[in-house]
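Below: one structure, written as structure tokens.
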Amino acid sequence: MLSNFEKGKGREKMNTLDYYVAFSIALYVIGIYCLATKRNMIRIVLGIEILINAANVNFIAFSAYRAEGFIDPFAHSVVIISIALAGCVSAVALALVVYAYKHYGTLDIRKLRRLRG
């Protein structure tokens, strides 16, 4: 007897997982690009947020496809906590960015590195 995967039903499910993983990889690449090439501190904070969102999408996608017909609620709760913590981290980072701009007058990290004593 043929299983669901051999009949073609399982491949349909894997295609949707492939789309989620491809989207997560694209977000991860965009986040790494922002961290590697941008000099503005606000854009760096946004790059970090994009990386966190890529990890969240990947975590949810793999938790939904772990077992047939079962979605793991633990993964959803971890991602909700991760989103809340990411919001807190971005708020603190943006507060530091505002303080750095008020104190030094620039958001360019190369200029801020030259200010070291």
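Only the coordinates and a few stated rules stand behind these numbers; no lab work does. Values in this document were obtained by computation on a predicted structure and should not be read as measured data. Cβ placement follows ideal geometry from the backbone for every residue including glycine, while neighbour counts extend to all protein chains displayed.
Residues Ile109, Ile80: which one is without any contact (Cβ under 8 Å) to a residue 60 or more places away in the chain and either of a type outside the set (S, T, N, Q) or more than 24 Å from Ile25 (Cβ to Cβ) (or both)? I'd like the intermediate steps shown before the answer.
On the way: Ile109 fails: without any contact (Cβ under 8 Å) to a residue 60 or more places away in the chain.
One residue alone meets the criteria, Ile80.
Filter the stretch 92-105 for residues that are of a type in the set (Val, Ile, Thr) and surrounded by 15 or more Cβ atoms within 10 Å (Cβ to Cβ) and give the result.
Initial filter on the stretch 92-105 (of a type in the set (Val, Ile, Thr)): 92, 97-98.
The one that is of a type in the set (Val, Ile, Thr) and surrounded by 15 or more Cβ atoms within 10 Å (Cβ to Cβ): Val97.
Listed here are the residues, each with its yes/no results for (1) touching a Lys or Arg at 6+ places or on another chain (Cβ under 6 Å); (2) part of a helix (DSSP H, G or I); (3) within 16 Å of Ala86 (Cα to Cα); (4) without any contact (Cβ under 8 Å) to a residue 40 or more places away in the chain.
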position	(1), (2), (3), (4)
Ala26	no, yes, no, yes
Ile32	no, yes, no, yes
Ile48	no, yes, yes, no
Asn53	no, yes, yes, yes
Asn56	no, yes, yes, yes
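Ala67 is checked against (1) exposed (fewer than 14 other Cβ atoms within 10 Å of the Cβ); (2) without any contact (Cβ under 8 Å) to a residue 24 or more places away in the chain; (3) closer than 30 Å to Leu115 by Cβ and fails just one. What number does that condition carry?
It fails just one condition, (3).
Among the residues that make up the stretch 79-90, is at least one of them more than 19 Å from Leu51 (Cα to Cα) and β-branched (Val, Ile, Thr)?
no
For the subset of the stretch 34-43 comprising residues that are surrounded by fewer than 17 Cβ atoms within 10 Å (Cβ to Cβ) and not in a loop (DSSP other than H, G, I, E, B), which member is farthest from the chain's Cα centre (by Cα)?
Asn40
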